[in-house]
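Worksheet for the structure shown next.
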Amino acid sequence: MKEKQYLVDALSIEESWRMFRIMAEFVEAIEELSQLGFAVSIFGSARVTPQDEYYKKTMDLARRLAEKGFAVITGGGPGIMEAANRGAAEGGGKSVGMNIRLPFEQKPNSYSNVNIDYKYFFIRKVMFVKYAMAYVILPGGFGTMDEFFEALTLIQTKRIKAFPVILMGSDYWSGLLEWMKSTMIREGKILPEDLDLIQVLDDPDQVVKHIQKFVII
C-alpha cells in the first residue's frame, strides 16, 4: 500500500509541475508575439519541395504580405512553412516560425527571424489564432486540416471574432468543398451560410487584396 501511495503522490507532483511548464510556455510565447502587429498564419504540407508549384506560390504570397506590412506566422517546419518563412524574410518582414517538437518530420527551417519552440500542441494552436488576423490554408495533410477546421469551428461558434479563412489551391480543395455541400449541408450537419466563412483564391495578389479589406496598415 505504501508503494502504491508513493506512486500516486509522485504522479500528483509531476502533474503539478506540468502545469508550471504549460504556464511558462504560454508566457514565453505571449511575450514574444505581443508586439507582432498585424499577422497572417499560413498552413500547408511539410512534404512540399522547393520545386513544387505551391512552394513557389507560398513564397510569392508571403513576400507580398511582408511588403504590405504583415507579419507571417507558420509552424516553423519544412515545405509550405519554409516557403512562407522564406518569402516573408525576403520581403523584409517578420517571419515567425512556431516549431513543434516531434520525433519525425518536423525540423525548424532556417528562414524565420522570430523563433518559438513548443512542446505542447494546444499552446501553439492558441497562438496561431490569437495573433493572426487571417488564415491562409494551402494543400496539406492532417495538421493542415486540423488548423482549418479549428478556425472554422471557433468562428462558427463565435468563440473568436470572424476573420478571413482562405483556401489556396482550388483543385486540391474542390473535392472537400463539394463533399461539404453534397453531404454536410444536405444532411443538415452545417448550414449553407457556414460555407461563406471560406474563401477560395488561387492568386497570391488576390489573397493579399482580400486580407487588406479587413485591416488598414
Cα centroids of segment 41-66 and segment 154-213: how far apart, whole angstrom?
19 Å
Modelled label-to-label distance, Lys56 and Asp203, 7 Å Cα→beta-carbon offset: nm?
1.8 nm
Cβ crowding within 10 Å averaged over residues, with 174-182, 90-98, 142-150, 51-59 ranked highest first
90-98, 51-59, 142-150, 174-182
Would you mind checking the tilt of helix 121-130 against the longest principal axis of the Cα atoms of the chain, expressed as 0 to 90 degrees and rounded to 10?
40 degrees
Dipole magnitude of segment 69-177 about its Cα centre, charges +1 at Lys/Arg Cβ and -1 at Asp/Glu Cβ only, in debye to the nearest 20?
480 debye
What's the angle, to the nearest 10 degrees (0 to 90), between helix 2-33's Cα axis and the longest principal axis of the chain?
30 degrees
In terms of the charge dipole of the chain, which places +1 on Lys and Arg and -1 on Asp and Glu at the beta carbon, the residue among Gly91, Ile123, Met23 farthest towards the positive end is Met23
What's the ranking of 132-140, 153-161 by average number of surrounding C-beta atoms within 10 Å, highest first?
132-140, 153-161
Can you list the lysines whose alpha carbon is less than 16 Å from that of Lys213, not counting same-chain residues fewer than 8 positions off?
Lys68, Lys161
Computed label-point distance, nm, for sites Val126 and Ala162 using a 7 Å Cα→Cβ extension
2.7 nm
Fewest to most Cβ atoms within 10 Å: Lys125, Lys209 sort as Lys209, Lys125
Take the alpha-carbon positions of the chain, form their convex hull, and give its projected area averaged over all directions (one quarter of the hull surface) in nm².
14.7 nm²
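FYI, it's all coordinate maths here, none of it is from the lab. Everything quoted here is computed from the prediction, not taken from an experiment. No Cβ is skipped: glycine too gets one built from the backbone with ideal geometry, and neighbour counts run over all protein chains shown.
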